[in-house]
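Worksheet for the structure shown next.
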Amino acid sequence: MTDQTPLDRLTAKLRSIHHLRDAAAVLSWDQETYMPSGSGAIRAEQLATLQTLAHDQFVSPEVESLLAPFLNCATGDLLPEQTASLDAASQSLLRETWRDYSRAKKLPSAFVNELERECSLAQQVWATARKTNDFQLFLPNLERMVVLKRREADYLGYTDSPYNALLDAYEPGSTVTQLRPLFQTLRTELVRLLDLIRESPVQPQANLMTQCFDTAKQLEFGRLVLKHMGYDFQRGRLDLSAHPFTTSFHPTDVRVTTRVFERDLPSCLFSCIHEGGHGLYEQGLPSAHYGTPLGEAISLGIHESQSRLWENSVGRSRAFWQYFYPKLQDLFPDQLGSVQDADFYLAINRVNPSLIRVEADELTYNLHIMLRFEIELDVIEGRLAVEDLPDAWNAKMKDYLGIVPTSDAEGVLQDVHWSFGAFGYFPTYTLGNLYAAMFYRQARTDLPDLEKNITKGNLLPLKDWVNDRVHRWGRQYTSAELIQRVTGIPLTPAPFIEQLTEKFGNLYQLPATASHP
Ligand code: ZN
């Protein structure tokens, strides 16, 4: 037997727990792609068993005894004598493992069970309520969920707002105090831009994208773009699912999905690019650290930055389509053969306030997020009763987007998130957009030929750049540390606002008003 160090023993244990989680992830992927529709109930039990096993092993005394040689298990402080000789990566591994461990330990298992049961129940009730446009049906479940999430925040502990405890699960270190002014600035600028775009005489041809496009050819094109991005099909695959997603069982097995509609060209195209961005992150994590925090993504916000960087900064850019549009025209000569590239470019960048978040454009998308952030903050902090959610929702829709849903199905019931208790999740979507613009601006500085390469279909320099700057570090840095390290400045909405102002200013020939990010 070889001599194992205490750190090796901890790593081996974490890895074996990860095997259980990844087995559950394979079952979840299968559930969303190929599972027969009649096996839902038993699959839920199989998943619950694996997840409970993984959770129990993680909060076990064994993990505490493996951490104890390195840190104070009550406070998480590293023991200086025992850790001074460790490198920065190993110290991060210990800090982050303790973070996960202490968070999991704070939740009593009876509470975790109660929450899981309610999540599974509430999701089913939500699906029916959305289908039948019946908020009253979902109301009791949602009220119980809010009570449970407040209790969760109490167990976890927080300063200032219980919302901070929930937010911390998705975007560690992020707080209401940080988000409020950030979103305020962003909202002012986005609404200003939106008003100008509405008044512009330039408007895209809406029907370009809703012609009939063969679905097999759409998938072929999606695959082509993924290959150019450097997504490795030897270590991944593309399948169909109702809602596109990315899942990873290991950096050597990272799977993306898309959906494809004959009369909606952007849907398949941009979900392939979006999920491809997530997929590159997962494929770019260091295999050597698999199973430990050093082999994991930092946060949902940073993850989303990787998808948005490719989807918006690259996939909706002129440079990208300079190379790819002729290829798309070759695939669809009848539909696009006589459409000028400028018209196509305008059409894929169409700004159009709509009711549904997942169909929103690059600009109005963030207004959907702000509305949700403000509403869920009011609910969790107790200023807004759950029964008053539909009215609050509709009022903000009118205020921010100028449109009001005629049904709750297209309003407050549209997202699945609250039904599984994901309060504090939505802000990470907008944080992803802000991080993405910051990363892209830095990549342009670091790689002077970046856009010239993109016009030739060579996307690999950007892939190598994100691999090097973001992916390979796992969770060695916090998101605040990473953004500072890569861009030299802390999180700011300015690059995102500048990117949108420049792009839409040109596209919609907007009056050259100064923006004030
Ligand atoms: Zn995403």
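Per-structure values
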read-out: Flag if SER248 is in contact with a Ser or Thr (Cβ under 6 Å, 6 or more places away or on another chain), buried (at least 22 other Cβ atoms within 10 Å of the Cβ) and in the same structural domain as GLY315 (by TED's automatic domain parsing); value: no
read-out: Residue check for VAL202: surrounded by fewer than 19 Cβ atoms within 10 Å (Cβ to Cβ) and over 25 Å from PRO390 (Cβ atoms); value: yes
read-out: Any pair with Cβ under 6 angstrom, 6 or more apart, that starts in region 491-507 at a residue that is at positive phi and ends at one that is buried (at least 20 other Cβ atoms within 10 Å of the Cβ); value: none
read-out: Matching residues in region 69-88 - criterion: being surrounded by 15 or more Cβ atoms within 10 Å (Cβ to Cβ) and among the small types (Gly, Ala, Ser); value: GLY76
read-out: Residue match in region 447-470 (condition: loosely packed, with under 15 Cβ neighbours inside 10 Å and within 16 Å of the ligand (Cβ to nearest atom)); value: no
read-out: Considering residues of region 9-38 that are surrounded by 14 or more Cβ atoms within 10 Å (Cβ to Cβ) and hydroxyl-bearing (Ser, Thr, Tyr) only, the residue farthest from THR258 (Cα to Cα); value: THR11
read-out: Some residue of region 266-276 being more than 15 Å from the ligand (Cβ to nearest atom) and outside any helix (DSSP H, G or I); value: no
read-out: Single residue of region 239-262 satisfying the filter (outside any strand (DSSP E or B) and among the small types (Gly, Ala, Ser)) that is nearest to the ligand (Cβ to nearest atom); value: SER241
read-out: Answer from ARG130, ARG95, ARG103 - the residue that is assigned to a helix (DSSP H, G or I) and either surrounded by fewer than 18 Cβ atoms within 10 Å (Cβ to Cβ) or not assigned by TED's automatic domain parsing to the domain that holds LEU47 (or both); value: ARG103
read-out: In region 407-439, the residues that are β-branched (Val, Ile, Thr) and at pLDDT 95 or above; value: VAL412, THR428, THR430
read-out: Residues that are more than 16 Å from the ligand (Cβ to nearest atom), in contact (Cβ under 8 Å) with a residue 40 or more places away in the chain and assigned to a helix (DSSP H, G or I), drawn from region 285-301; value: HIS289, PRO293, LEU294, GLY295
read-out: From ASP378, ASP388, ASP399, residue being in the same structural domain as GLN484 (by TED's automatic domain parsing), within 24 Å of the chain's Cα centre (by Cα), farther than 26 Å from GLY315 by Cβ and surrounded by fewer than 17 Cβ atoms within 10 Å (Cβ to Cβ); value: ASP378
read-out: Selected residue (criterion: farthest from the ligand (Cβ to nearest atom)) from residues of region 420-446 that are of a type in the set (S, T, N, Q) and buried (at least 17 other Cβ atoms within 10 Å of the Cβ); value: GLN442
read-out: Qualifying residue in region 484-492 (condition: under 19 Å from ASP87 (Cβ atoms) and out of contact with any Asp or Glu (no Cβ under 6 Å at 6 or more places or on another chain)); value: yes
read-out: Sole residue being of a type in the set (Gly, Ala, Ser), surrounded by 14 or more Cβ atoms within 10 Å (Cβ to Cβ), outside the structural domain of PRO293 (by TED's automatic domain parsing) and in a helix (DSSP H, G or I), chosen from ALA169, ALA110; value: ALA169
read-out: Residues that are assigned to a helix (DSSP H, G or I) and either surrounded by 14 or more Cβ atoms within 10 Å (Cβ to Cβ) or touching a residue at least 24 places away in the same chain (Cβ under 8 Å) (or both), drawn from region 133-146; value: PHE135, LEU137, PHE138, LEU139, ASN141, LEU142, GLU143, ARG144, MET145, VAL146
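The values are calculated or read from the model by the stated rules, or taken from the named source; none is laboratory data. Predicted model, so just to flag it, every value in this text is computed and none were measured. Don't worry about glycine lacking a Cβ; one is built from the backbone with ideal geometry, like all the others, and counts go over all protein chains shown.
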